[in-house]
Structures are given as C-alpha cells and as structure tokens.
Amino acid sequence: MSDIPQRQAYGQALADYGDKNQDVVVLDADVSTSTLTSYFAARHPERFFNLGVTEASMVDVGVGMALIGKTPFVNTFAALLTLRACEQIRTCVSYANTRVKLIGGYSGVSDYKDGPTHFATNDVAVMRSLPNIAVLSPADNREAAALVPLVAEWDSPVYMRISRAVVPDVFDASYEPRIGKGVVLRDGDDVALLATGSMVARCISASARLAERGIDAAVVAFSTIKPLDGDLVNATARKTGALVTAEEHTVMGGFGSAVVEVLARLGPVPVEMVGLADTFAETGPDPETLMDAWGLSVEDIVRAAVMVLGRKSHRSNR
Amino acid sequence: MHIHDFGLLKEIQEQAAHIRRDVLDMVYRRQAGHLGGSYSAAEILASLYFHHLKIDPSNPTLPDRDRFILSKGHAAAALYSALARRGFFPLEELATWGKLGSRLQGHPDRIKTPGVEMSSGFLGHGLSIAVGMALAQRLCKERFHIYVLMSDGDMQSGVAWEGALTASKYCISEATVIMDFNDVQLDGPGHEIMPLEPLREKWRSFGFSVIEIHGHNILQCLDALDMALDIHSQPTVIIAHTTKGKGVSFMENTAKWHGAVPSEQQYIQAKSELSGVKE
C-alpha cells in the first residue's frame, strides 16, 4: 500500500465505508481533491457537501448534522481545521460533545511544497487540550483506512490527522487498530522508541541502526494520542528505563508531552523528545528531505536514543 | 393569521411577562446575567415556546420535534424561564441558575439542561448549525422545522455570514432565522460599534427572503413565523426590530443593561414596572 499517499488510503476507505454506513456525511472546504474526500463525493454525491472556504462555518454545519444523528466527517487541511475553526471546535464540538469527526489533512510538514503557512505542527497540542475529543495519528495507510470505521463508530468527537505524503508500511494485514491502545512493534530492553504517525516507520529504521550498535531498542506505536494508552507507556518505561518520543509535530504539547505527563504521575524515567523544535521549519523539495533537515530524521532518533541511554546509565550509576 | 385569536395573544403576552419577571429574579438572585438581551427576546421566545414550536416536554427527544437554537446564548435566563414554564423542568429549578451542580449553566448547555437543543455562548454559531440540521433532515424521514434566534452581535461575526452563504447555496427553507435586532450591544449602540445597515439589503443579497416585524408585537411574531413556513424557494430571515431591556424604563435602549445587575432599589422598581405589564 505504500505506493499511494496516506490521504489516498483515507479517501478510498471513507468512500468504501460510506457504502456500509448510510449515516456518514462528508464535508469539505474546497480541498476535496487534496484531502481526497473526492472519492466519497463521486460515489455518494447526495451525502457530500463542499462548503467552500468557510472552515469555521463548516464545523458548525457538521455540528448541526451530528445533532440530527448523522456522522459527519469534516475535512480540510489540519492547520485550517484546528486553528481557524478552533473556537467552533472548542464550543460546539468539544464542549457540546457532538459526534463530529474532524479529519485534518496535510498534517505535519507533509505539504512540503506549500511551506509553513500550510504545515500543521501544533494541531495535536491544540486538539489534545480539548475535553471529549479523541486525537488520532495513524502510522501508515493500512492503519488510516482501518481507523475510518472506528472513528465513525466512536461515541464522541474525534480528531484524526492524515499525512499528504506516502508513508512506509508499518503494519501487516492482520493488524486491527483499537482507539486508545498502543502496540509494541519490536521488543527491546535497553530503550524504547515511542512514536506516532509518520515517525513510527522512522523509529523502526532507527531500531535497526541501534541494533547494529548493540542497543536493543523497543518500538511502540501509538495511533491514539488521546486517550493515551498510559498503561503501555508506563509498562514500557518500567521495562526499559529510558524513552524516546517521536512525532511530526512540535515537541511542545504534542505526543511527547502526553507521554511525559503520564510518566510525571507514574514515575519519571529519562526521556528525549524528537520533533520540531520551537520553529515553523521551511518549504522543502519533498517530505522526507524536509523532515531530515528539521530534526525528524532516523539519525535524530538514533542520537536521541544514545543520549537517553547515557542519562539512564548515569542515573543507575549514582 | 392570528388576529382574531385574542385568547392566544393574551396567553403569549402573559408568558412574555412571566419570562421578564423570572429573568429579573434570576439575575438579581445570582448577581449576574443578561437582562437587556433577554427582554428584547421575550415576545419572540414566548411566541415560539407557547404556540409555534412543535415540541413535547414529556418527550423532549422525539425525532420529529421542531428544533430551536438560541444563538444569542446570553439570553439564557429567558430561555430557561420559557423551558421551565413550558414544562421541561421544574420552575423552582430557575433558582439554582449558576450554582455549583446546577443544570442551568451561565450560558445554555445541551448536555445538562432538558430542552436545550444546542449549547451556545460565543456569538455567530447558530445559523450554520441550523443549516447543518436542515441538510441532515433532507437525509432523514422525519420532518421538522428549525428556528435560530440570532442577535445583531451574532451578525457582526464572520462565521454567521459564512452560514448565510451556505444557507443560500442549499436553499435552506427548513430553517427560519429570527434576528432580535435591538441595536444595542455590550459596549454601546450597535450602529456605532459596528453598523449592520443596510441590513435588509444585506440579507436579500445573500439570497434570503426578508420579513420585518416589530418584535414585541405578538401578532406580528406569530404571523411572521407562519409566513416563513410557506416560503420554500429560499431561506427566510425575520428581522424583529426590538428594544433592548424592553419593559423596564431605565433599562431600555441602554448598553449598560446588557450585563448589569440591578441594585436593590432598581430591582424593586423593575419588579413594579414589570408587574404592570401583566395584562
């Protein structure tokens, strides 16, 4: 599946799911050929609503549909959805607890060619702070597609971020994601790499490089950032004693922050966070090169693992 | 036309007077709330809740019930009074407004309060939500009508006009917008803070059918609500020209009474003036 972008896997899965669930309605803000809700539009035109560049109103229209019992998937670029329509989401989705499914396309820096105005690098931080909303970030196409029915059937609002890019396959065909549950992809005793979204595949690559250096790194994927699988975070921390978090997002308030919030309560271990620093990054030639240039490379993960192992051994030697 | 239905008109007028008295007591007791915008909406709310809306307080979740959204959520006290008097919850519960554990929040909360269809507070949301309800209804078998009460403050927000664009695109005639146009807002006269005029022309240019009424005239409220149901080719807005603080002399047309709390002396005077409105 990794030959198609994640947005395409999502768009096709949504159209397919629309065959099975007649309550699904899809809204988009003039970017359906980008988010690829155009597949749903072509197959279910009577349940597709293109509302033009009215992001804030679009969220409220979705709210109205949810109040009548429909399951609205509200789509646009993640930055527009979570920032321009933030108050609509806060008041009418989060506070009013309406079953609106917010899908943020072009997440992270995946819209490499359009540059920082179009990047969504704090969407998780914003959405994670809103009560009632589950926050999801699938690692690959299979997971993105498999989450569509779960998102629809989840009995409260959901925010799911979807990459514009082609992301490497992580899961095999037997994998069935569950909202609220992380999954161990590779066992390891020395250090654990905890990742979400596009960084899961990069952590798998990093674990191989670490193995070459004799470092046994676990890889744990979290497609649900909220409600975070705190039990798995805690068990992993207890087992390895050192964690690296990795996300295509700022390190301020995102997935890594969620992990350390759990650890602060249940018992801290050394943590290094891989993500964007306090920056907008820049336009790039392709997503991979851009991520590599701005602190999200496999080598950045390896370096963080080595560093956190140093802190771990320093701690145990005290 | 309701012109000969004197009993009905009198009943609604009495309910509007009850709403005003309830709101005065609620705001004074709580030492917080919004009198001015509650009073400008009293006849509109009474016309809806005591005649026009197809609702059943004993079955508040019937799928084919009419929906009412108070987009101007700061008139929460007036809505709570109407809901209690219509039988959605006990009248005595109005005294709990704003207390810890109360089902009555500062602004409407659809989760906590029976009969509240949608939470509201910040202005601008109601029209787009009503459009969403109308579009969803087209995919359902149930038939109902949606009402949204907007303020002039609502119509200063960009999101409200985005909703108007969408209502027009989809010819939303399943929803009626009622605009409580009292021309006074928190900081001063609406026409000074952010002018909306020419308002009729704005709505028309957005594709709406416009009905203008005197919003404290119950006969006009009822007739306009009926007229709107007969317009199927385009969305309809009822511009209800109203008086902020209507019914209490010293509150009328005064921005201060958007959110002020009366002193004891003012409370006594207001109570006295409102008791005279009864018949």
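Going residue by residue through segment B:29-39, is there one that turns out to be farther than 25 Å from B:L127 by Cα, over 14 Å from the mean Cα position of the chain (by Cα) and part of a helix (DSSP H, G or I)? Talk me through it step by step, then tell me what you get.
Filtering segment B:29-39 for residues farther than 25 Å from B:L127 by Cα gives B:29-32.
Adding the requirement that they be over 14 Å from the mean Cα position of the chain (by Cα) leaves B:29-32.
Retained after the next criterion (residues that are part of a helix (DSSP H, G or I)): B:29-30.
Scanning segment B:29-39 turns up at least one residue that is farther than 25 Å from B:L127 by Cα, over 14 Å from the mean Cα position of the chain (by Cα) and part of a helix (DSSP H, G or I).
Go through A:V59, A:V53, A:V63, A:V25 for me and flag whichever is at pLDDT 95 or above, assigned to a loop (DSSP other than H, G, I, E, B), of a type outside the set (S, T, N, Q) and over 16 Å from A:I162 (Cα atoms).
Details: A:V59 fails: assigned to a loop (DSSP other than H, G, I, E, B); A:V63 fails: assigned to a loop (DSSP other than H, G, I, E, B); A:V25 fails: assigned to a loop (DSSP other than H, G, I, E, B).
Residue meeting the stated conditions: A:V53.
Go through segment A:81-109 and report how many residues are part of a loop (DSSP other than H, G, I, E, B) and either within 11 Å of another protein chain (Cβ to nearest Cβ) or surrounded by fewer than 24 Cβ atoms within 10 Å (Cβ to Cβ) (or both). Talk me through it step by step, then tell me what you get.
Taking segment A:81-109 and keeping what is part of a loop (DSSP other than H, G, I, E, B), we get A:85, A:96-100, A:106-107, A:109.
Narrowing further to those that are either within 11 Å of another protein chain (Cβ to nearest Cβ) or surrounded by fewer than 24 Cβ atoms within 10 Å (Cβ to Cβ) (or both): A:85, A:96-100.
Count: 6.
Looking at B:R110, B:R143, B:R138, B:R103, which is the one that is out of contact with any strand residue (DSSP E or B) (no Cβ under 7 Å at 6 or more places or on another chain), more than 26 Å from B:L196 (Cα to Cα) and in contact (Cβ under 8 Å) with a residue 60 or more places away in the chain? If you could, list the steps in order and put the result at the bottom.
On the way: B:R110 fails: in contact (Cβ under 8 Å) with a residue 60 or more places away in the chain; B:R138 fails: in contact (Cβ under 8 Å) with a residue 60 or more places away in the chain; B:R103 fails: in contact (Cβ under 8 Å) with a residue 60 or more places away in the chain.
Unique residue meeting the criteria: B:R143.
Can you tell which of B:L123, B:L186, B:L149 is more than 9 Å from every other protein chain (Cβ to nearest Cβ), touching a Ser or Thr at 6+ places or on another chain (Cβ under 9 Å), more than 18 Å from A:I68 (Cβ to Cβ) and touching a residue at least 60 places away in the same chain (Cβ under 8 Å)? Lay out the reasoning, then the answer.
Details: B:L123 fails: touching a residue at least 60 places away in the same chain (Cβ under 8 Å); B:L186 fails: touching a Ser or Thr at 6+ places or on another chain (Cβ under 9 Å).
One residue alone meets the criteria, B:L149.
For segment A:183-212, name all the residues that are hydrophobic (A, V, I, L, M, F, W, C), surrounded by fewer than 24 Cβ atoms within 10 Å (Cβ to Cβ) and either at pLDDT below 95 or not in a helix (DSSP H, G or I) (or both).
If the condition is that a residue be hydrophobic (A, V, I, L, M, F, W, C), surrounded by fewer than 24 Cβ atoms within 10 Å (Cβ to Cβ) and either at pLDDT below 95 or not in a helix (DSSP H, G or I) (or both), then A:V183, A:V184, A:L185 are the ones that fit.
If B:G121 satisfies every condition in (1) touching a strand residue (DSSP E or B) at 6+ places or on another chain (Cβ under 9 Å); (2) under 16 Å from B:A78 (Cβ atoms) but one, which is the exception?
Result: B:G121 fails condition (1) only.
Might you check whether a residue that is crowded, with 17+ Cβ neighbours inside 10 Å, of a type in the set (D, E) and within 23 Å of B:G245 (Cα to Cα) occurs anywhere in segment B:157-179?
Checked segment B:157-179: no residue is crowded, with 17+ Cβ neighbours inside 10 Å, of a type in the set (D, E) and within 23 Å of B:G245 (Cα to Cα).
With the checklist (1) within 14 Å of chain B (Cβ to nearest Cβ); (2) surrounded by fewer than 23 Cβ atoms within 10 Å (Cβ to Cβ); (3) in contact with a strand residue (DSSP E or B) (Cβ under 7 Å, 6 or more places away or on another chain) in hand, flag the one item A:P131 doesn't pass.
It is condition (3) that A:P131 fails.
Would you check if there is a residue in segment A:29-43 being part of a helix (DSSP H, G or I), among the hydroxyl-bearing types (S, T, Y) and either at the interface with chain B (Cβ under 9 Å from one of its Cβ atoms) or on the phi > 0 side of the Ramachandran plot (or both)?
No, every residue in segment A:29-43 fails to be part of a helix (DSSP H, G or I), among the hydroxyl-bearing types (S, T, Y) and either at the interface with chain B (Cβ under 9 Å from one of its Cβ atoms) or on the phi > 0 side of the Ramachandran plot (or both).
Could you tell me which residue of segment B:40-74 is farthest from the other protein chains (Cβ to nearest Cβ), considering only residues that are part of a loop (DSSP other than H, G, I, E, B) and among the hydroxyl-bearing types (S, T, Y)? Before the answer, list the steps.
As a first pass, look at segment B:40-74 and keep what is part of a loop (DSSP other than H, G, I, E, B): B:41, B:53-66, B:71-72.
Adding the requirement that they be among the hydroxyl-bearing types (S, T, Y) leaves B:58, B:61, B:71.
Numbers: B:S58: 21, B:T61: 11, B:S71: 10 Å.
Per the criteria, the residue is B:S58.
When residues of segment B:60-113 are filtered for being of a type in the set (S, T, N, Q) and farther than 17 Å from B:L24 by Cα, how many remain? Working first, answer last.
Filtering segment B:60-113 down to residues of a type in the set (S, T, N, Q) leaves B:61, B:71, B:81, B:96, B:102, B:105, B:113.
Okay, now just the ones that are also farther than 17 Å from B:L24 by Cα, so B:61, B:71, B:102, B:113.
Residues meeting the conditions: 4.
Go through (1) under 22 Å from the mean Cα position of the chain (by Cα); (2) surrounded by fewer than 24 Cβ atoms within 10 Å (Cβ to Cβ); (3) assigned to a loop (DSSP other than H, G, I, E, B); (4) small (G, A, S) for A:G69 and report which single condition fails.
Against the list (1) under 22 Å from the mean Cα position of the chain (by Cα); (2) surrounded by fewer than 24 Cβ atoms within 10 Å (Cβ to Cβ); (3) assigned to a loop (DSSP other than H, G, I, E, B); (4) small (G, A, S), A:G69 comes up short only on (1).
Within segment B:197-218, can one find any residue that is among the acidic types (D, E), in contact (Cβ under 8 Å) with a residue 12 or more places away in the chain and within 27 Å of A:M58 (Cα to Cα)? Steps first, please.
From segment B:197-218, those among the acidic types (D, E) are B:197, B:201, B:212; that's our starting set.
Next cut, in contact (Cβ under 8 Å) with a residue 12 or more places away in the chain only: B:212.
Now restrict to residues that are within 27 Å of A:M58 (Cα to Cα): none.
No: zero hits.
The values are calculated or read from the model by the stated rules, or taken from the named source; none is laboratory data. All values derive from a computational prediction rather than experimental measurement. When we count neighbours, we look across all protein chains shown, and the Cβ atoms used for this are built from the backbone with ideal geometry, even at glycine.
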